[in-house]
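Colleague: Here's a structure for you.
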Amino acid sequence: MDITFGDIQETALIPLAIKASETARHNPRIRDEKAKAIIDALGVDVSKYDPFLSHEGVVARTIMFRDTLKYLLKKYPDAVCINLGCGFDDKFSQVDNGRLRWFDVDLPDQIAVRRKVFQDRDRCTMLDGDALDGAWTKALPRADMYIIVVEGVLEYFSKEQVKTCLNMLCDCFPHGYLLAELHYPFLEKHGSHHDAVKHTNATFGWGTKSGRDYLELEPRMKLLSEHSYNEEMRKYTIRGKLFAIIGKKINNRLAVYQW
């Protein structure tokens with residue numbers, strides 16, 4: 001595997017390290033063999049990117065995004081799905097129904113590194129693209145339904161950048177669903193205390209108290225649901241249950257929009 005530690009942005013190391021360590025457990029709640037292979041190939045200590053709360057949060061969001069995608073794909077089995085800002089994520093393997101068409105989209109430098117460890121597969125294609133510019137959407141096939149995943153991306157955007165992204169999606173796709181990861185204003189102000197991100201140079205952007213805040217930026221969208229990762233995290237550990245109480249307005253959420 002032709003990849004080195006410097007090839008990977010630090011924020012991408014967090015979900016990679018967590019998915020790899022969870023996969024290596026005796027009874028993993030999620031499996032990501034590609035993440036484990038990448039971390040093993042790097043041969044470096046990434047434990048600082050895998051603290052307890054971030055670990056539980058990444059496991060929870062992986063399960064919640066997967067289950068929501070599977071639900072939508074039961075309704076729209078032939079949908080075109082886009083993982084926008086995909087990094088090293090491999091959702092296609094988690095939800096493939098044998099019919100969907102999947103596109104992993106990210107900035108050219110990230111896709112170049114991704115190609116070192118992934119190959120295009122039948123109905124799963126990597127594509128250079130920017131969440132703030134819709135030029136890449138012209139390369140997509142036409143479909144009756146589009147499902148766009150934006151996970152671990154919008155939390156680093158300013159309010160204006162979030163607006164640009166939402167407007168672009170509604171302009172470029174006649175209709176669809178957006179599965180978006182949201183964070184609260186608390187992280188925007190106190191991101192330096194985040195147990196994993198504090199080990200990177202990343203800073204959190206515009207946070208929202210409600211998924212409805214996005215509707216002011218893009219009124220063509222409607223909010224269908226919004227669920228905190230606490231709902232999944234509290235199922236597994238006492239610490240997860242406690243954090244669901246203490247961190248009720250701190251943890252990230254999965255919001256689903258339609259237009």
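Colleague: Mind checking which pairs have a first residue in the stretch 60-74 that is under 14 Å from Ser228 (Cβ atoms) and a second that is among the hydroxyl-bearing types (Ser, Thr, Tyr) and open to solvent by less than 30 Å² (accessible area, probe 1.4 Å), Cβ under 6 Å, 6 or more apart or different chains?
Modeller: Sorted first by the residue in the stretch 60-74, then by its partner, the pairs are Ala60/Tyr229; Arg61/Tyr229.
Colleague: How many residues does the stretch 73-90 contain that are surrounded by fewer than 20 Cβ atoms within 10 Å (Cβ to Cβ) and either among the small types (Gly, Ala, Ser) or part of a helix (DSSP H, G or I) (or both)?
Modeller: Selection size over the stretch 73-90: 3.
Conditions (1) out of contact with any Leu (no Cβ under 9 Å at 6 or more places or on another chain); (2) basic (Lys, Arg); (3) in contact (Cβ under 8 Å) with a residue 60 or more places away in the chain, marked per residue:
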site: Leu132; (1), (2), (3): yes, no, no
site: Ala135; (1), (2), (3): yes, no, no
site: Gly152; (1), (2), (3): yes, no, yes
site: Tyr156; (1), (2), (3): yes, no, yes
site: Leu166; (1), (2), (3): no, no, no
site: Tyr177; (1), (2), (3): no, no, yes
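Colleague: Given (1) open to solvent by 20 Å² or more (accessible area, probe 1.4 Å); (2) without any contact (Cβ under 8 Å) to a residue 24 or more places away in the chain, where does Asn97 come up short, assuming only one miss?
Modeller: In the conditions (1) open to solvent by 20 Å² or more (accessible area, probe 1.4 Å); (2) without any contact (Cβ under 8 Å) to a residue 24 or more places away in the chain, Asn97 misses (2) alone.
Colleague: Restricting to the stretch 137-150, give me the number of residues that are open to solvent by 40 Å² or more (accessible area, probe 1.4 Å) and either in a helix (DSSP H, G or I) or in contact with a helix residue (DSSP H, G or I) (Cβ under 8 Å, 6 or more places away or on another chain) (or both).
Modeller: The total comes to 2.
Colleague: Tally up the residues in the stretch 151-176 that are surrounded by fewer than 22 Cβ atoms within 10 Å (Cβ to Cβ), at pLDDT 95 or above and part of a helix (DSSP H, G or I), please.
Modeller: 10
Colleague: Follow-up. Does the stretch 109-131 contain any residue that is in a helix (DSSP H, G or I), touching a helix residue (DSSP H, G or I) at 6+ places or on another chain (Cβ under 9 Å), over 23 Å from Ala37 (Cα atoms) and among the polar types (S, T, N, Q)?
Modeller: no
Colleague: Somewhere in the stretch 61-71, is a residue over 30 Å from Cys172 (Cβ atoms), open to solvent by 10 Å² or more (accessible area, probe 1.4 Å), of a type in the set (Asp, Glu) and outside any loop (DSSP other than H, G, I, E, B)?
Modeller: No; the residues of the stretch 61-71 include none that is over 30 Å from Cys172 (Cβ atoms), open to solvent by 10 Å² or more (accessible area, probe 1.4 Å), of a type in the set (Asp, Glu) and outside any loop (DSSP other than H, G, I, E, B).
Colleague: Consider Asp213 against the criteria (1) closer than 22 Å to Arg66 by Cα; (2) assigned to a helix (DSSP H, G or I); (3) out of contact with any Asp or Glu (no Cβ under 6 Å at 6 or more places or on another chain): it satisfies all of them except one. Which criterion is unmet?
Modeller: Just one mismatch for Asp213, condition (1).
The values are calculated or read from the model by the stated rules, or taken from the named source; none is laboratory data. Quantities reported herein were computed from a predicted structural model and do not represent experimental measurements. Quick reminder, even Gly has a Cβ in these numbers, built from the backbone with ideal geometry, and neighbours come from all protein chains shown. Each accessible area value is taken on the protein alone, full model and side chains, heavy atoms only, with ligands, DNA and RNA left out. Shrake-Rupley method; radii C 1.70, N 1.55, O 1.52, S 1.80 Å.
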